[in-house]
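The values are calculated or read from the model by the stated rules, or taken from the named source; none is laboratory data. If you're wondering where the values come from, they're calculated on a predicted model, not measured in any experiment. As a convention, Cβ positions derive from the backbone with ideal geometry for all residues, glycine included, and neighbour counts pool all protein chains shown. We work out accessible area using only protein heavy atoms, side chains counted, and drop any ligands, DNA or RNA first. Shrake-Rupley method; radii C 1.70, N 1.55, O 1.52, S 1.80 Å.
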Amino acid sequence: MKKTVGLFAAAALVMALSACSGGATPAASGGAGGAANKPLDKIVVGFAQVGAESGWRTANTKDIQDSFKEAGIQLKFSDAQQKQENQISAIRSYIQQGVDYIAFSPVVQTGWDAVLNEAKAAKIPVILTDRAVDSKDTSLYATFLGSDFVLEGKKAGEWVANEYKSASAPVNIVQLEGTTGSAPAIDRAKGFADAIASNSNLKVVASQTGDFTRAGGKQVMEAFLKSQPKIDLVFAQNDDMGLGAIEAITAAGKVPGKDIKIVTVDAVHDGMQALADGKINFIVECSPLLGKQLIDIVKKLNAGEAVEKRIVTDETTFTQDQAKTALPTRKY
Ligand code: GYE
């Protein structure tokens, strides 16, 4: 009799232990692997934006805010003024407030593992929008929604390679880089370099960051115009820096688009206008309209459905004629 009681107690203990260690699933938490199935108006998403550095960013912010309003999902929004530490504090504050999802556009690629692990420990799924992180542990985020920046740089470089395909003398290119360490700056430079490598006449003679801003592009271009005896083409990694370069080139008494050609990325309204006016020669599109897709991801995660780990945005390119046609109906 004594022995039977002992066995029973042991079995009960084993059952209790197993319930502690692995039995509990985070089904109702909305955490990784579980469907929260909340009504849409009860879902709260914290969005940590990079800043307001460019026309692209302004359009991206507006589209995200409009999309959340339309979907009836609550949005907490913060602007990090292009500083990683501000973004990290915004994310920590979202974790503390217990939001259901965190979305953010990482200003630079490195240095996110600690805060992403904190979100994971709190079972708050993270959605990367627009820019990537270099974390080896891909379980730290649910998905990455955004453009293929290497491809964008490649498209810009291919246009340049084609434009100068019969050049027999060196073509001097200057590059205005985006924010140092950001995914679009790293990847666009790579795609561009690969695409022009086929022609040894095409040379990047100077390359510096203008931080994706108009003022930055202008300032760096002014310095290039002073230090470089001959510049044939500017590759600006976004429209705003290209628009800043136009100001610097004009002030130096040269004609942008003719004396010095300009290729940019984004295709926001002011860039497209400059292309239509012949001041920019070619633009690779990068769409800031990520709001609808972000909402779809949130809805899927809420319903416990699988989402693709990488969602790439559809994009095109614009010549001057194509810009003239597209401008009247352009949304941003
Ligand atoms: O090209 C630039 C912005 O991350 C794709 O950031 C985005 C880039 C965009 O400041 O204009």
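Over the chain, with a Gaussian network built from C-alpha contacts below 10 Å, which listed residue (SER67, SER182, SER200) shows the highest mean-square fluctuation? Looking only at SER67, SER182, SER200, the largest GNM fluctuation is found for SER200. Measuring between alpha carbons in the structure, the pairs from LYS218/LYS279; LYS203/LYS254; LYS155/LYS218; LYS62/LYS279 lying more than 19 angstrom apart are LYS203/LYS254; LYS155/LYS218; LYS62/LYS279.
Ordering ILE260, SER89, ASN37 by Cα displacement along the dipole of the chain toward the positive end leaves ASN37 in first place; charges were set at the Cβ atoms of Lys, Arg (+1) and Asp, Glu (-1).
Taking the chain as a Gaussian network of alpha-carbon nodes connected by springs under 10 Å, the highest mean-square fluctuation of the residues THR138, THR179, THR213 belongs to THR138. Rounded, prolate or oblate, given the Cα gyration tensor of the stretch 47-159, with a/c below 1.5 counting as rounded? Because a/c hits 1.5 or more and a/b fails to exceed b/c, the stretch 47-159 counts as oblate. Modelled label positions at ALA252 and SER198, each set 7 Å beyond Cα in the direction of Cβ, lie 2.9 nm from each other.
Contact order for the chain, expressed relative to its length and based on alpha carbon pairs under 8 Å spaced 6+ residues apart, stands at 17 percent. Cα gyration tensor of the chain, axes a ≥ b ≥ c as square roots of the eigenvalues: rounded (a/c below 1.5), prolate (a/b > b/c) or oblate? In terms of gyration-tensor shape, prolate. If you run the Gaussian network model on the chain, springs between alpha carbon atoms under 10 Å, then out of LYS136, LYS76, LYS292 the most flexible one is LYS136.
Just the protein heavy atoms count here, and of the accessible area of the chain at 1.4 Å, carbon and sulfur take up 55 percent. Counting only heavy atoms of the protein chains, get the accessible area per residue of the chain (1.4 Å probe) and round it to a whole Å² value. Computed with neighbouring chains in place, this is 46 Å² per residue.
Label separation (ALA114 vs SER139): 2.2 nm, computed from points 7 Å beyond Cα along the C-beta direction. Need the C-alpha centroid separation for the stretch 273-299 versus the stretch 156-232, integer Å. Cα centroid to Cα centroid, the span is 21 Å.
Treating cross-link reach as a plain straight distance, find the lysines whose alpha-carbon is under 29 Å from the alpha-carbon of LYS69, omitting any fewer than eight places away in the same chain. Correct list for LYS69: LYS38, LYS42, LYS83, LYS120, LYS123, LYS292, LYS299, LYS300, LYS309, LYS331. Mean residue ellipticity at 222 nm, helices only, the chain: -13500 deg cm²/dmol; runs of at least 4 DSSP H residues each add -39,500 (n - 2.57), and the sum is divided by the number of residues. Name the shape class, rounded, prolate or oblate, that the alpha-carbon gyration tensor gives for the stretch 136-243, where a ≥ b ≥ c are the square roots of its eigenvalues, rounded holds for a/c under 1.5, and otherwise prolate holds if a/b is larger than b/c and oblate otherwise. The shape class here is oblate.
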